[in-house]
Amino acid sequence: MRFERYGVGIAKGMALTLRNFFRPPITLQYPEDKLVISRRLRGNELVWYPDRCTGCATCAKSCPQGNIEIITHVGDSNNYVVDKFEVDTGRCMFCGLCVESCPYEALFMGLGYERAQYRRGQLVLSKEELQPSDIRQPSGYARPKVEQTLPRQSLLINWDKEKEEGGQKLSPLPMRKRRKGNGL
Ligand code: SF4
Ligand code: SF4
């Protein structure tokens, strides 16, 4: 059995406490400040590209929750024309199986994660709402080509590193000022 000198553990613990006591807080003033999120985020939305979609319904069959409703009719060139493409994101568990199963890369997970609504009905997204826009962008989940075009994720532990290193300049406030701002 090995014995350590009495009190060494306490001294080590106190040294760590003191080191962190004088370090500026590593926090974000969310929602004013935001980190760059993961390129492969499975945000709480889906993004659908109607021009690529053939109406094959593979995504709907892959969904374990039965969240995707597709109604089609046969078009002039014996193709499927999509009349309805609806996703109930209120029941969705954002597993990504529908995205992985789409053979035509018409369905993507989204980068958005602030999609809270007051009514459940507002979580059912129609084909118009699912289309890409300025606020609805596809994530790189299961889509390596999209992933390459997105900025690298930044982490709080890299908050003062340069962007090339995966960090993000957040212009942190001095500790005293932050505490005042937080009402502490
Ligand atoms: S992410 Fe999963 S639960 Fe949501 S619609 Fe796709 S397959 Fe269904
Ligand atoms: S999104 Fe993909 S899997 Fe779903 S119907 Fe369209 S092409 Fe088929």
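Checking each residue of region 146-154 against the condition of being within 30 Å of ARG23 (Cα to Cα) and either among the polar types (S, T, N, Q) or modelled with pLDDT under 55 (or both) gives at least one match. Working only within region 29-82, note down all residues that are on the phi > 0 side of the Ramachandran plot and among the polar types (S, T, N, Q). Listed by number, the list holds a single entry, ASN78.
Selection over region 55-88 of residues that are in a loop (DSSP other than H, G, I, E, B) and surrounded by 15 or more Cβ atoms within 10 Å (Cβ to Cβ) gives a count of 5. With respect to the conditions (1) away from ligand 2 (no atom under 16 Å from the Cβ); (2) surrounded by 13 or more Cβ atoms within 10 Å (Cβ to Cβ), LEU46 lacks only one, and its number is (1). Selection within region 80-120: residues that are basic (Lys, Arg) and over 18 Å from PRO132 (Cβ atoms). The member of this set that is nearest to ligand 2 (Cβ to nearest atom) is LYS84.
Taking first residues from region 47-66 that are within 9 Å of ligand 1 (Cβ to nearest atom) and partners that are assigned to a strand (DSSP E or B), the Cβ contacts under 6 Å between residues at least 6 apart in sequence or on separate chains come to CYS59/ILE68; CYS59/LEU107; ALA60/ILE68; ALA60/ILE70. Only a single criterion out of (1) surrounded by fewer than 18 Cβ atoms within 10 Å (Cβ to Cβ); (2) within 16 Å of ligand 1 (Cβ to nearest atom); (3) outside any loop (DSSP other than H, G, I, E, B); (4) not small (Gly, Ala, Ser) is not satisfied by ARG91, namely (3). Look at (1) within 9 Å of ligand 2 (Cβ to nearest atom); (2) touching a strand residue (DSSP E or B) at 6+ places or on another chain (Cβ under 6 Å) and you find that GLY75 fails only one, number (1). Any residue that is part of a strand (DSSP E or B) and touching a residue at least 12 places away in the same chain (Cβ under 8 Å) - is there at least one of those in region 135-158? Yes: region 135-158 contains one or more residues that are part of a strand (DSSP E or B) and touching a residue at least 12 places away in the same chain (Cβ under 8 Å). Among the residues of region 112-140, those identified as among the polar types (S, T, N, Q) and surrounded by 15 or more Cβ atoms within 10 Å (Cβ to Cβ) are GLN131, GLN137, SER139.
The values are calculated or read from the model by the stated rules, or taken from the named source; none is laboratory data. Here the structure is a predicted model, which means the values were calculated and not measured. For neighbour counting, all protein chains shown are included, and Cβ atoms are generated from backbone atoms with ideal geometry for every residue, glycine included.
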